[in-house]
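Trainee: Dropping a structure here in structure tokens format, bear with me for questions.
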Amino acid sequence: MSFVEFLYACKQYALAEMLESKDSPLINVMHDRVMTWLRYFMYTGGMPEIVEAFASTLPNPDFTAVRKLQNSLVSDYRDDFSKHVDMRDSPAVTTLRLNQVWDSIPSQLAKENKKFVYGVV
């Protein structure tokens, strides 16, 4: 979801409407509050289920519950790899290779050039 959708989901209606109005002077005055909510948005990643869990714990956000849901989502992605393997190949080897690619993405994107190179895996 977008940042404004996130704000609506978290019942920050006035802040969302202010951003939608593009009232620059008012947005500048509210800079710190906007940045706080932007950090919350970046932490949750904007995934609907995770945002819902985050919003349900406000005004005291439960970051531990959010992180557990995020880890569960990543684990579900990993588990789905085996569903997309050609059974004529060696399924165990192919799934292992897919997991290696998945695991290498964060470290490769953290580099300065931000390019994913399959050969590095």
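The values are calculated or read from the model by the stated rules, or taken from the named source; none is laboratory data. Note that this is a predicted model, so its numbers are computed, not measured. For neighbour counting, all protein chains shown are included, and Cβ atoms are generated from backbone atoms with ideal geometry for every residue, glycine included. The accessibility values were calculated without ligands, DNA or RNA, using every heavy atom of the protein model including side chains. Shrake-Rupley method; radii C 1.70, N 1.55, O 1.52, S 1.80 Å.
Trainee: Are there trypsin sites (Lys or Arg not before Pro) in the range 1-64 that DSSP puts in a loop and that have at most 15 other Cβ atoms within 10 Å, and which ones?
Mentor: Listed in order of number, the matching sites are 11, 22.
Trainee: Let me spell out the model: positive unit charges on the Cβ of Lys and Arg, negative unit charges on the Cβ of Asp and Glu, origin at the Cα centre of the chain. What dipole size does that give, in debye rounded to 20?
Mentor: 380 debye
Trainee: Another question, if that's okay. Rounded to a whole number, what is D in µm²/s for the chain from Stokes-Einstein with the Kirkwood radius over alpha-carbon pairs (20 °C, 1.002 mPa s)?
Mentor: Result for D is 124 µm²/s.
Trainee: Hey, what number do you get for the chain at 222 nm if only DSSP H runs of n ≥ 4 count, each worth -39500 (n - 2.57), divided across all residues, to the nearest 500?
Mentor: Counting only the DSSP helices, I get -21000 deg cm²/dmol.
Trainee: Report in % the part of the accessible area of the chain that belongs to carbon and sulfur, leaving out ligands and nucleic acids; probe 1.4 Å.
Mentor: C and S fraction of accessible area: 58 percent.
Trainee: Taking 0.36 nm per intervening residue step and subtracting the Cα-Cα distance, what contour gain separates residue 47 from residue 2 on full extension?
Mentor: Stretched out fully, the residue 47 to residue 2 stretch lengthens by 15.2 nm.
Trainee: Read phi for every residue in the range 11-19 and hand back ³J(HN,Hα) as whole Hz from Karplus 6.51 cos²θ - 1.76 cosθ + 1.60, θ = phi - 60°, with x for Gly and Pro.
Mentor: After applying 6.51 cos²θ - 1.76 cosθ + 1.60, I find 6, 9, 4, 4, 5, 5, 5, 4, 5 Hz.
Trainee: Shifting gears a bit: Expressed in nm to one decimal, what extension gain is obtained for the pair residue 63 and residue 111 from 0.36 nm per residue of sequence separation less their Cα-Cα distance?
Mentor: 14.6 nm
Trainee: Now, a different point. Can you work out the Karplus-derived ³J(HN,Hα) for every residue in the range 102-111? Use 6.51 cos²θ - 1.76 cosθ + 1.60 with θ = phi - 60°, whole Hz, and x for glycine or proline.
Mentor: 4, 5, 7, 4, x, 5, 6, 6, 7, 5
Trainee: Something else now. Which one of 116, 44, 73 has its Cα pushed farthest toward the positive end of the charge dipole of the range 26-121, where Lys and Arg give +1 and Asp and Glu give -1 at the Cβ?
Mentor: It is 116, whose Cα lies furthest towards the positive end.
Trainee: Run the numbers on the chain and let me know its relative contact order in percent, using alpha-carbon pairs under 8 Å that are six or more apart.
Mentor: 16 percent
Trainee: Measure nothing fancy, just the Cα-based angle from helix 63-80's long axis to the longest principal axis of the chain, in degrees from 0 to 90, nearest 10.
Mentor: With both axes taken from Cα atoms, the answer is about 30 degrees.
Trainee: What ³J(HN,Hα) values, in whole Hz, does the Karplus curve 6.51 cos²θ - 1.76 cosθ + 1.60 give for the range 33-42 when θ = phi - 60°, with x put for Gly and Pro?
Mentor: Going residue by residue, I get 5, 4, 5, 4, 6, 5, 5, 4, 4, 5 Hz, with x marking Gly and Pro.
Trainee: Please work out the average accessible area per residue across the chain, using the 1.4 Å probe convention, and give it in Å².
Mentor: Result: 70 Å² per residue.
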